1. So, in region 35-65, exactly how many residues are more than 14 Å from GLN118 (Cα to Cα), in a helix (DSSP H, G or I) and either modelled with pLDDT under 90 or of a type in the set (Asp, Glu) (or both)?
2. Would you call PRO25 surrounded by fewer than 17 Cβ atoms within 10 Å (Cβ to Cβ) and over 20 Å from LEU164 (Cβ atoms)?
3. With the condition kept exactly as written, say whether any residue in region 82-91 is touching a Gly at 6+ places or on another chain (Cβ under 7 Å), crowded, with 22+ Cβ neighbours inside 10 Å, in a helix (DSSP H, G or I) and not acidic (Asp, Glu).
4. Between a residue in region 22-49 that is under 14 Å from ALA168 (Cα atoms) and basic (Lys, Arg) and any residue that is at pLDDT 90 or above and crowded, with 24+ Cβ neighbours inside 10 Å, which pairs come within a Cβ distance under 7 Å, given they are 6 or more apart or on different chains?
5. If you scan region 138-162, which residues turn out to be closer than 18 Å to GLY26 by Cβ, surrounded by 20 or more Cβ atoms within 10 Å (Cβ to Cβ) and of a type in the set (A, V, I, L, M)?
Amino acid sequence: MTEILPSAPLLLAFLAAVVVLAVIPGPGVVYIVAQTLSKGRACGLASVAGVALGNFGNAAAASMGLAVLLATSAMAFEVLKYAGAAYLCFLAVQALRSKPSGAPGVSAPASHWQVLGQGFWVALLNPKTTLFFAAFLPQFMMPTAAPILQSLALSAIFVGVAALSDAAYVLVASALAPALRASQGVVGLGRYVTAMVYLALGIYAAVSGSRPGKA
């Protein structure tokens with residue numbers, strides 16, 4: 001495995017950059033926290049797994065050259081961007097249509113596989129993530145080794161660290177959830193908050209620029 005990873009100093013620099021990028025909350029963290037508060041810790045962790053798989057899919061796409069297409073074809077980027085925005089708005093509608101359960105502030109139970117799938121598509125339908133990997137990873141790759149293998153290896157490390165950071169956000173959100181649910185003022189509001197988060201993320205995805213950035 002060492003032949004497809006950079007030298008120790010460069011690898012440490014990569015890990016430091018990854019940790020900083022992972023802990024800074026972005027739209028993905030907002031989505032995961034919303035899932036945790038509305039559906040519970042297990043669904044929050046399922047969404048972490050889905051987002052991680054979607055992010056790795058984007059990294060694989062970058063490794064295979066999709067990022068070149070997205071960077072050079074404005075139409076391809078716009079189509080994928082608006083597809084992701086439309087999916088987030090669809091999730092907002094689904095959240096509004098769901099029936100709240102008896103627990104204050106908690107929406108009706110959802111299948112963990114369903115939540116994982118939603119997280120996967122939310123992350124995968126974000127072309128900025130593909131462009132980010134295409135712009136970030138080459139800074140830590142060696143010209144003498146296979147670029148695809150290096151990219152996938154570094155991507156796996158990045159996604160793994162980001163998943164651990166996201167899981168920590170889930171644990172914190174789930175620890176705070178009981179205090180929020182104890183307030184009768186939030187009874188039945190969970191699905192509305194979740195819908196608003198989805199809608200805000202969808203609008204953000206639609207109006208955000210075409211340059212790579214934190215997913």
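The values are calculated or read from the model by the stated rules, or taken from the named source; none is laboratory data. Remember, predicted model here, so these are calculated numbers, not experimental data. Cβ atoms come from the backbone with ideal geometry, glycine included; neighbour counts cover every protein chain shown.
1. So the count comes out to 9.
2. Answer is no for this residue.
3. There is at least one residue in region 82-91 that is touching a Gly at 6+ places or on another chain (Cβ under 7 Å), crowded, with 22+ Cβ neighbours inside 10 Å, in a helix (DSSP H, G or I) and not acidic (Asp, Glu).
4. Partner pairs satisfying both residue conditions: ARG41/VAL170.
5. Passing the criteria: VAL159, ALA162.
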